[in-house]
Amino acid sequence: MHLTQPNHDHYHFFRMSKQHRLLQRQIKKAGFDEAAQKKLADFFSLIDEAYRSFDNDLSHIETVLEKSSQELFQANQQLKSNVETISDQLSRVAGNITEVIFEADLEGKWSYLNPAWEDLLGYSTEESLGRPYYEFIKDLNGKPFEELTILQKSDFTSTKISVETLTANNEKKWLDISVKRLNSREGKPEGFIGTMADITAQKQAEFELIEAKEKATMASKAKDDFLSTMSHEIRTPLNAVIGVSNLLLLEDPKKEQLENLHALKYSSEHLLELVNDILDFNKIASGSIELEETDFNLDRILDGLRSIFHHKAKSKDIRFTIKKDSALPSMLVGDSTRVTQILSNLINNAIKFTEEGKVVLDIELEHENQDFAMIRFEIKDTGIGISEDKQEKIFQSFAQADSNTTRKYGGTGLGLAICKKLVELMGGELWVESTEGKGSTFGFVLEFLKSKVEEDEREEDQSSESFNMDDVESLKGIKILVAEDNHLNILVISKFLAKWDVIFEIAENGKRAVEMAEENCYDLILMDLQMPEMSGFDATKIIRQGNNPLNKTLPIYALSASAGIDIRNKIKHYGLNGLICKPFNPKELYRTLSKIVHEGSPAA
């Protein structure tokens with residue numbers, strides 16, 4: 001091989017300059033002598049430059065890395081500072097939250113509790129961490145809550161419960177606990193997280209509210225029981241007084257006795273009206289009154305009102321007239337009893353407070369369509385009137401326009417309050433326009449469904465005033481059992497039943513009524529409800545369940561002075577067919593009994 005002769009000047013320069021330490025180490029390790037180095041001087045020079053260039057690059061990289069390291073350190077310090085700031089903020093937030101925030105592992109051991117834990121149950125956070133929740137949250141008997149055992153179930157996701165527990169100081173507290181399961185990214189359960197709040201005050205308020213409601217319910221029941229008992233006690237002697245009055249009036253009394261008998265009858269009926277007002281007001285106030293939806297003939301209501309109040313107005317030398325719009329439909333659907341009650345009360349008041357002039361009932365069709373009729377009722381009088389500042393007061397319970405009014409005209413002050421409530425229940429509003437000394441107008445508008453029943457298809461519903469016993473089927477030969485313990489009431493009912501040719505027997509108490517119903521067959525049983533030894537309710541129940549098959553469907557009606565709110569519900573529950581209230585009007589009782597035994601109709 002031919003070797004190019006080395007450049008001796010280059011070699012001299014190469015020798016003169018300091019070789020790179022790595023190149024020197026390599027030459028020494030290879031054992032090159034001076035002659036070989038001369039020959040390879042150019043090659044070694046290139047390697048030396050390469051090493052030096054590498055050193056420069058490495059130095060630059062180190063410089064860059066050092067700068068980057070410093071920047072990374074600074075960023076890390078800033079991040080650390082931010083984390084500490086956020087941690088401090090979170091700690092302050094957690095420390096000021098009144099609710100307990102907790103975290104627990106799958107075994108229920110606390111892994112985190114915020115400071116509210118110590119305030120809530122009195123245990124230190126330090127002694128609680130690492131211990132299971134059920135060592136601290138136990139029922140009043142010291143046992144774990146069964147509601148929290150679901151945490152150990154595989155399908156548990158979350159729950160919320162309210163429990164009463166004991167604190168470290170044995171103080172009772174109600175807790176609202178919310179727990180949710182924590183899962184890993186793979187969906188595997190890792191533990192639980194949740195909150196606990198002190199709801200002792202809310203629970204105490206809730207218990208007080210429940211207690212107050214129970215007391216109010218008991219007070220309401222006591223009031224109803226009291227009214228029921230008192231009405232029974234008042235109605236029972238009233239029944240005898242009114243009944244005897246009616247009997248004496250039917251027995252051709254002497255002319256000089258008539259005035260006394262009419263006064264006795266009027267006074268007892270007036271007292272009955274007062275009792276009824278109080279009972280109606282109690283029903284309305286308790287929300288237990290129910291409106292009926294039946295077909296009725298408006299003309300028959302007006303005929304009854306005309307018959308009742310014509311003589312009353314005439315006795316005061318004033319006129320009572322009824323003006324009726326000819327376009328009014330004859331048959332309507334609604335509660336005719338309540339409509340009659342409202343109109344009767346307003347007309348009665350108008351006549352009572354009118355000394356001269358007239359009272360007019362004006363009824364007009366305000367609007368109608370195919371299905372409904374809107375009817376305006378107005379009762380106008382030329383009486384004493386009501387001052388403007390007292391027109392609001394008259395609709396209040398137990399209130400009248402003036403205290404002198406009660407002394408002069410009587411009354412409970414409940415009539416208008418009852419009318420107002422009844423009108424409102426029927427979807428209307430009772431209003432008044434009045435000028436003191438000139439008269440008053442009371443009015444309301446009600447919407448009625450038009451009846452599809454033809455007038456001639458409807459059963460005759462004559463008022464008690466125009467009722468004639470010859471118009472209904474006779475009671476002659478009808479066998480009735482009367483269960484009644486009051487001797488005066490027995491006397492009254494016996495006189496009327498005998499007069500009507502009814503075959504009747506008397507049972508002095510409920511127990512005797514059961515025995516007689518089992519041994520005999522009757523067309524009807526009239527059952528007093530409050531009797532010694534056995535009540536009418538219990539007697540009816542036993543009669544229905546007895547061995548006499550006819551008694552399963554035998555009409556049994558309560559003939560009672562009881563008028564509590566729950567009486568009608570109890571009547572249905574114990575198997576009675578209906579209620580006939582005492583005191584009774586003899587003609588109405590005759591008609592009702594005839595309907596029951598001949599047609600199976602319920603008592604009105």
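The values are calculated or read from the model by the stated rules, or taken from the named source; none is laboratory data. Since the model is a prediction, treat every value here as computed from it, not as a measurement. Note that each Cβ is placed from the backbone with ideal geometry, even for glycine, and that neighbours are counted across all protein chains shown. SASA here: full protein model, heavy atoms, side chains in, ligands and nucleic acids out. Shrake-Rupley method; radii C 1.70, N 1.55, O 1.52, S 1.80 Å.
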| task | May I ask you to list the lysines whose Cα is less than 16 Å away from that of LYS438, ignoring any residue fewer than eight positions away on the same chain? | result | LYS352, LYS358, LYS380, LYS390
| If you count, for each residue, the other Cβ atoms within 10 Å and average over each peptide, how do 115-125, 526-536, 43-53 line up from highest to lowest? | 526-536, 115-125, 43-53
| query | Ordered by packing density, taken as the mean number of other Cβ atoms within 10 Å over each peptide's residues, highest first, how do 543-555, 421-433, 134-146, 349-361 rank? | reply | 349-361, 421-433, 543-555, 134-146
| note | Whole-percent carbon and sulfur contribution to the accessible surface of the range 479-600 (1.4 Å, no ligands, DNA or RNA) stands at 48
| remark: HN-Hα couplings for the range 357-374 via Karplus (6.51, -1.76, 1.60; θ = phi - 60°), in whole Hz with x for Gly/Pro, come out as x, 7, 10, 10, 9, 10, 10, 10, 7, 8, 6, 8, 9, 4, 10, 10, 10, 9
| said: Less than 19 Å apart at the alpha-carbon level, and either on another chain or at least 8 residues along: which lysines does that give for LYS28? | reply: LYS18, LYS38, LYS39
| Could you name the lysines in cross-link range of LYS495, using Cα to Cα under 22 Å and dropping any fewer than eight places away on the same chain? | LYS254, LYS265, LYS476, LYS479, LYS582, LYS587, LYS595
| query | Using a 1.4 Å probe on the protein chains only, how many percent of the accessible area of the range 292-450 belongs to carbon and sulfur? | reply | 46
| query | Stretch GLN77-GLU259 to full length: gain in nm at 0.36 nm per residue minus the Cα-Cα span? | reply | 54.1 nm
| Total lysine pairs under 23 Å (Cα atoms) in the range 97-203, excluding pairs fewer than 8 apart on one chain | 29
| request: On the full set of protein chains, 1.4 Å probe, figure out the accessible area of LEU365 and give it in Å² to the nearest 10. | output: 30
| field | Residue list for the range 98-136, given a label point 7 angstrom along the Cα-to-Cβ vector of ASN183 and an amide N cut-off under 17 Å | value | 106
| field | Ranking by accessible area, most exposed first, for CYS419, CYS521 with a 1.4 Å probe | value | CYS521, CYS419
| query | Counting only protein heavy atoms, what percent of the accessible surface of the range 120-275 is carbon or sulfur at a 1.4 Å probe? | reply | 54
| note | Counting only residues 5 or more apart in sequence or on a different chain, those whose built amide H sits under 5 Å from that of GLY357 are ARG319
| request: Could you pull the accessible area for VAL333 with a 1.4 Å probe, rounded to 10 Å²? | output: 20
| remark: Scoring only Lys, Arg, Asp and Glu (+1, +1, -1, -1) among other residues with Cβ under 9 Å from the Cβ of LYS450 yields -1
| field | Charge context of LEU182, other residues only, Cβ under 12 angstrom, K/R +1, D/E -1 | value | +1
| field | Karplus (6.51, -1.76, 1.60) ³J(HN,Hα), θ = phi - 60°, over the range 311-322, in Hz, Gly and Pro reported as x | value | 5, 5, 5, 4, 5, 9, 6, 10, 9, 10, 10, 10
| Residues with amide H under 5 Å from that of LEU414, placed H, sequence gap 5 or more | PHE398
| note | The summed charge of the ILE318 Cβ neighbourhood (under 12 Å; Lys/Arg +1, Asp/Glu -1) stands at +2
| query | Given Cα pairs under 8 Å that are at least 6 residues apart, what percent is the relative contact order of the range 114-253? | reply | 13
| remark: Descending packing, highest mean Cβ count within 10 Å first, for 160-166, 299-305 is 299-305, 160-166
